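Please read the structure below before turning to the comments.
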Amino acid sequence: MSEPEPKWTVAVPAVSARDVSVRRGEIQALRHVSFEVPPGRLTGLLGPSGSGKSTLIRAIAGVQAAVEGRLTVLGFEPGRAGLRRWLGYMAQSSSVYEDLTVLENLRYFAEIRGAQLGGLLERVGLREQTHQLVRRLSGGQRARVSLAIALLGSPRLLLLDEPTVGLDPLLRRELWRLFGELAGEGATLLISSHVMEEARHCEDLLLLRDGRLLAQLTPDELVAQTSTTDMDEAFVRLIERA
Amino acid sequence: MKGSVTRSFATARRVLRQLRHDPRTVGLMIIVPCVLETLLRLIYTHRRQAFDQAGAPLLAIFPLMSVFLVTSIALLRERISGTLERLLTTPLGRHELLAGYAIAFGLLATAQAVIVSALTLGPLGLRVRGPSELVVVLAIAVALLGMGLGLLASAFARSEFQVVQFLPATVLPQLLLCGLLVARQRMPAALYGISDALPMSYAVDGMHHLTSKVSADGAILGDIAIVLAFAVGSLVLGAATVKRRTS
Ligand SMILES: Nc1ncnc2c1ncn2[C@@H]1O[C@H](COP(=O)(O)OP(=O)(O)O)[C@@H](O)[C@H]1O
Ligand SMILES: [Mg+2]
């Protein structure tokens, strides 16, 4: 074990992708994608369904097979043991134990991460469901259990795959506020969504389509370049120009 | 090291909690073997010798079936629901995850073996000559084997329907060949050779050694060691199917 341990520092990009491609079965899910995710910021990964958002997040989390090109997290290969304690990953499917209660799920993941629960259940609005079996929760509530698990132990890098899908607008707004707070506290967040409107809540944007990176820019730059404040329309204009 | 132990025991507690929310499964795992041993005793009301011959091997077969089923379904669910993938992005190592499962299912198998053998050796009057604790030790070894085989089955199944079909596919041939129906020495040479390569043959041999008239503690320990070796082998193979990166 003489290899250097990953260190969290603002001097290195949190994620760096150079010419990254991923093939999933017959499908080329990502095609020669290159970008850097700056540390300590809230980056939105936006694109329509099937554009490769989940594949990219899985690759960064270190669970996607057949990743070509050079993809690093803090300069290290994704999935390394030393990196995993920094990482909070929320997959698109809930990935929680249905036959345990909300609290039992959180306790288990807290134990294996060596983390405290703190006020996490309040933060994701699940206080009243604490002792309910996950099986009996609605889809949106399950997603929040999954989110709470990803937030355990204040990870430095949060990879959240469509965390706000199917939630009521009020709660969605509160979660985006929470994500902003976490970035303010120094965490790096990469959050995917197929709802273009959510671009407004992000500091940086990665726009994906058909496995290709259309653009990396800020929401203001997107508005300026496309001369529209309608995010859906802005995306369309970007595609037409490309 | 300390973290590793903590994470393994946390996993064992989580698996046991899942079982606690499913008392019917746990109840069936204990009641069904008790009913079957009782039935066997009634079938052989006038043939005590035959009950000793058939009742003892069954004590080694129950943990194999029970633990195979709970392991294969539990791990299949972990694979399908995405919890396995999530666990592999945390500091929990694969070997810690499997150690946690082994602790939980080992305890479950111990509870089953203690209760079922207490009934079978007590009220039902199965006669064992060897130390009766070895019945429990052998049952735990068989349970770990069941876990390894269940882990393997979970990797080759896409649904719970498929995974339960692996039970007859992997366990029934072993039951036919292990000496339960026909003594292994009296089988055709080729089949005898095959049965020598199957772990259940040693589990059943061990139980036969326990009930045989001559005391044969050494032989029993040898059988237990062989079953454990198979269990470790199947667990190592099974662990290789738990992959961090999937397509
Ligand atoms: N397990 C899989 N096997 C094969 N192809 C897949 C698999 N998962 C997704 N894909 C394909 O990969 C492409 C990208 O999918 P994904 O990354 O899930 O997109 P998004 O998250 O943006 O909806 C899609 O064409 C999808 O059909
Ligand atoms: Mg997706």
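The numbers here are math on the coordinates, done by the rules we state, and not lab data. No experiment lies behind these values; they were computed from the predicted model shown. All Cβ positions, even for glycine, are placed from backbone atoms using ideal geometry, and neighbour counts span all protein chains on display.
Just a few scattered comments:
- When the criteria are applied in full, A:LEU152 meets the requirement of being farther than 18 Å from A:PRO38 by Cβ and buried (at least 20 other Cβ atoms within 10 Å of the Cβ).
- Odd one out for B:LEU172 among (1) free of Cβ contacts under 8 Å to residues at least 60 places away in the same chain; (2) part of a helix (DSSP H, G or I); (3) farther than 26 Å from B:ASP52 by Cα: (3)
- Test for A:GLY166: is it away from chain B (no Cβ under 14 Å), outside any helix (DSSP H, G or I) and away from ligand 2 (no atom under 16 Å from the Cβ): no
- A:LEU30 vs. criteria within 12 Å of ligand 1 (Cβ to nearest atom), in contact (Cβ under 8 Å) with a residue 24 or more places away in the chain and either away from chain B (no Cβ under 14 Å) or part of a loop (DSSP other than H, G, I, E, B) (or both): no
- Being part of a helix (DSSP H, G or I), within 22 Å of B:VAL171 (Cβ to Cβ) and of a type in the set (A, V, I, L, M) is a description that applies to B:LEU191.
- Inside segment A:46-92, residues that are of a type in the set (Gly, Ala, Ser), within 12 Å of ligand 1 (Cβ to nearest atom) and in a helix (DSSP H, G or I) make up a count of 2.
- When segment A:82-95 is filtered for residues that are within 7 Å of chain B (Cβ to nearest Cβ) and among the hydrophobic types (A, V, I, L, M, F, W, C), the ones remaining, listed by number, are A:LEU87, A:ALA91.
- Among the criteria (1) assigned to a loop (DSSP other than H, G, I, E, B); (2) within 16 Å of ligand 2 (Cβ to nearest atom), the one A:THR229 does not fulfil is (2).
- Single unsatisfied condition, B:ILE61 versus (1) within 14 Å of chain A (Cβ to nearest Cβ); (2) of a type in the set (Val, Ile, Thr); (3) outside any loop (DSSP other than H, G, I, E, B): (1)
- Scoring A:GLY166 on the criteria (1) under 29 Å from B:LEU88 (Cβ atoms); (2) of a type outside the set (Val, Ile, Thr); (3) more than 16 Å from ligand 1 (Cβ to nearest atom); (4) surrounded by fewer than 22 Cβ atoms within 10 Å (Cβ to Cβ) leaves a single failure, condition (3).
- Tabulated pairs, segment A:34-55, first over 18 Å from A:LEU157 (Cβ atoms), second in a loop (DSSP other than H, G, I, E, B) and near ligand 2 (Cβ under 10 Å from one of its atoms), C-beta under 6 angstrom, 6+ apart or interchain: A:PRO48/A:HIS194; A:SER49/A:HIS194
- Residue check for A:VAL20: in contact with a Gly (Cβ under 9 Å, 6 or more places away or on another chain), within 13 Å of ligand 1 (Cβ to nearest atom) and either away from every other protein chain (no Cβ under 14 Å) or of a type in the set (A, V, I, L, M) (or both): yes
- Flag for A:LEU222 being buried (at least 18 other Cβ atoms within 10 Å of the Cβ) and either of a type outside the set (A, V, I, L, M, F, W, C) or not in a loop (DSSP other than H, G, I, E, B) (or both): yes
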